[in-house]
Amino acid sequence: MILPAMRDPRLILIRRGGFLTDGNHRLLAFWAADCAEHVLTFFETEYPQDDRPRIAIEKARKWADGEIRVTEAKIAAYCSNKAAQGKKGAAKMAALAAGQAAVVAHVAAHDLGAAAYAIRAVMEASAEGRRNESRISECIWQRNKLPEEIGKLVLEDESNRNEICWNVFI
């Protein structure tokens with residue numbers, strides 16, 4: 001589970017009673033797509049004929065660009081999650097990261113799901129003794145990709161939800 005019982009109002013759209021602007025919601029989707037795409041090779045190397053995770057990442061970006069509706073992004077998320085079924089290791093985590101990125105269109109707080117699953121993908125792909133080093137390196141990469149407008153929000157959210165995100169964030 002990556003969503004808390006009580007949602008942070010900073011990750012709920014203003015029109016739904018929270019504080020999140022549409023612009024920042026879209027930035028969260030772009031960032032989540034970047035996180036998922038960074039590890040997509042783990043899935044595509046093992047399953048080159050299955051493009052569902054790649055499509056989910058594309059749909060996340062298309063939603064953020066205003067080209068598609070939330071429903072289309074949600075369907076892509078579902079398909080990417082189905083692609084993860086029966087898979088193991090880094091490939092599974094990468095497909096789940098892509099699904100989380102696409103569903104940010106529906107619930108902004110899924111951005112950390114994309115980031116956390118991406119980190120888990122990198123850890124799974126690493127040698128046993130290098131997993132923590134890989135985790136830290138991926139966290140730093142993700143933070144370097146954060147747009148300034150949402151940086152503080154994401155870092156505080158990582159701190160608040162680190163425990164339910166498998167303690168992957170630094």
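Provide a single number: the residues in region 75-119 that are over 11 Å from the mean Cα position of the chain (by Cα), more than 19 Å from Asp50 (Cβ to Cβ) and of a type in the set (D, E, K, R).
0
Yes/no matrix, rows are residues, columns are (1) under 26 Å from Pro147 (Cβ atoms); (2) at pLDDT 95 or above; (3) in a helix (DSSP H, G or I):
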site: Ala5; (1), (2), (3): no, no, no
site: Gly23; (1), (2), (3): yes, yes, yes
site: Val39; (1), (2), (3): yes, yes, yes
site: Thr45; (1), (2), (3): no, yes, yes
site: Ile68; (1), (2), (3): yes, yes, no
site: Ala73; (1), (2), (3): yes, yes, yes
site: Cys79; (1), (2), (3): no, yes, yes
site: Ala91; (1), (2), (3): no, yes, yes
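In this structure, is Arg120 of a type in the set (Lys, Arg), in contact with a helix residue (DSSP H, G or I) (Cβ under 9 Å, 6 or more places away or on another chain), outside any loop (DSSP other than H, G, I, E, B) and surrounded by fewer than 22 Cβ atoms within 10 Å (Cβ to Cβ)?
Values: of a type in the set (Lys, Arg): yes; in contact with a helix residue (DSSP H, G or I) (Cβ under 9 Å, 6 or more places away or on another chain): yes; outside any loop (DSSP other than H, G, I, E, B): yes; surrounded by fewer than 22 Cβ atoms within 10 Å (Cβ to Cβ): no.
Criteria not met by Arg120.
Considering only residues that are of a type in the set (Gly, Ala, Ser), free of Cβ contacts under 8 Å to residues at least 12 places away in the same chain and in a helix (DSSP H, G or I), which ones fall in region 123-149?
Within region 123-149, the subset of a type in the set (Gly, Ala, Ser) is 125-127, 129, 134, 137.
Narrowing the set further to residues that are free of Cβ contacts under 8 Å to residues at least 12 places away in the same chain leaves 126-127, 129.
Across region 123-149, the qualifying residue is only Gly129.
Yes/no per residue for (1) closer than 13 Å to Ala101 by Cβ; (2) crowded, with 16+ Cβ neighbours inside 10 Å:
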| residue | (1), (2) |
| --- | --- |
| Ile2 | yes, yes |
| Ala5 | no, no |
| Pro9 | no, no |
| Ile12 | no, yes |
| Arg54 | yes, yes |
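The values are calculated or read from the model by the stated rules, or taken from the named source; none is laboratory data. Everything quoted here is computed from the prediction, not taken from an experiment. Don't worry about glycine lacking a Cβ; one is built from the backbone with ideal geometry, like all the others, and counts go over all protein chains shown.
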